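Working notes, beginning with the structure itself.
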Amino acid sequence: MDSQRTRLGTRWSTTLSQQTRAYAGVAWEHEYDGKVKASIHGYPLDAPKLKGDSGMLELGVTLNPTNAKQGWTLDIGVQGHAGKREGVLGSLKARYNF
């Protein structure tokens, strides 16, 4: 897959407690000319055209149970895409800083 795109967006976050931060974001994305080539057992598949605009919204929360620079951090989020790219994406990220 070859893709050339531009994304412009912003994210807002706020502290809910010493261990919890929430965030929300919005973005616009323009795909200039995405190309996909695929085949199954040597037979070519029709490739989708990705050129166009999409919008994205995201919501999430970051948990830091120890409230320290060291230790575990957990991020739970969801993103929704509309336009040329459509769908919903959920994420769960765990990180340990030492």
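The values are calculated or read from the model by the stated rules, or taken from the named source; none is laboratory data. Computed from a predicted structure; not experimentally measured. As a convention, Cβ positions derive from the backbone with ideal geometry for all residues, glycine included, and neighbour counts pool all protein chains shown. All accessible areas refer to the heavy atoms of the entire protein, side chains included, with ligands and DNA or RNA removed. Shrake-Rupley method; radii C 1.70, N 1.55, O 1.52, S 1.80 Å.
Pairing each residue of region 25-47 that is among the β-branched types (Val, Ile, Thr) and at pLDDT 75 or above with any residue that is open to solvent by 70 Å² or more (accessible area, probe 1.4 Å) and assigned to a strand (DSSP E or B), provided the two are 6+ apart or on different chains, yields C-beta distances under 9 Å for Val26/Thr10; Val26/Arg11; Val26/Trp12; Val26/Leu57.
Of the residues making up region 49-77, those that are closer than 15 Å to Ala94 by Cα and either charged (D, E, K, R) or in a strand (DSSP E or B) (or both) are Gly60, Val61, Thr62, Leu63, Lys69, Gly71, Trp72, Thr73, Leu74, Asp75, Ile76, Gly77.
Quick check, is Thr66 among the hydroxyl-bearing types (Ser, Thr, Tyr), closer than 30 Å to Thr15 by Cα, surrounded by fewer than 14 Cβ atoms within 10 Å (Cβ to Cβ) and over 15 Å from the mean Cα position of the chain (by Cα)? Outline the logic, then answer.
Values: among the hydroxyl-bearing types (Ser, Thr, Tyr): yes; closer than 30 Å to Thr15 by Cα: yes; surrounded by fewer than 14 Cβ atoms within 10 Å (Cβ to Cβ): yes; over 15 Å from the mean Cα position of the chain (by Cα): yes.
For Thr66, the condition - among the hydroxyl-bearing types (Ser, Thr, Tyr), closer than 30 Å to Thr15 by Cα, surrounded by fewer than 14 Cβ atoms within 10 Å (Cβ to Cβ) and over 15 Å from the mean Cα position of the chain (by Cα) - is met.
Taking Lys93 as the residue in question, decide whether it is surrounded by fewer than 14 Cβ atoms within 10 Å (Cβ to Cβ), outside any strand (DSSP E or B) and among the basic types (Lys, Arg). Explain how you work it out, then say what you get.
Working: surrounded by fewer than 14 Cβ atoms within 10 Å (Cβ to Cβ): yes; outside any strand (DSSP E or B): no; among the basic types (Lys, Arg): yes.
No.
Applying the condition of being touching an Asp or Glu at 6+ places or on another chain (Cβ under 8 Å) and open to solvent by 100 Å² or more (accessible area, probe 1.4 Å) to region 9-57 and asking which residue is farthest from Gly80 (Cα to Cα) yields Lys35.
Restricting region 1-22 to residues that are over 17 Å from the mean Cα position of the chain (by Cα) and in a strand (DSSP E or B), the residue that is modelled with the lowest pLDDT is Asp2.
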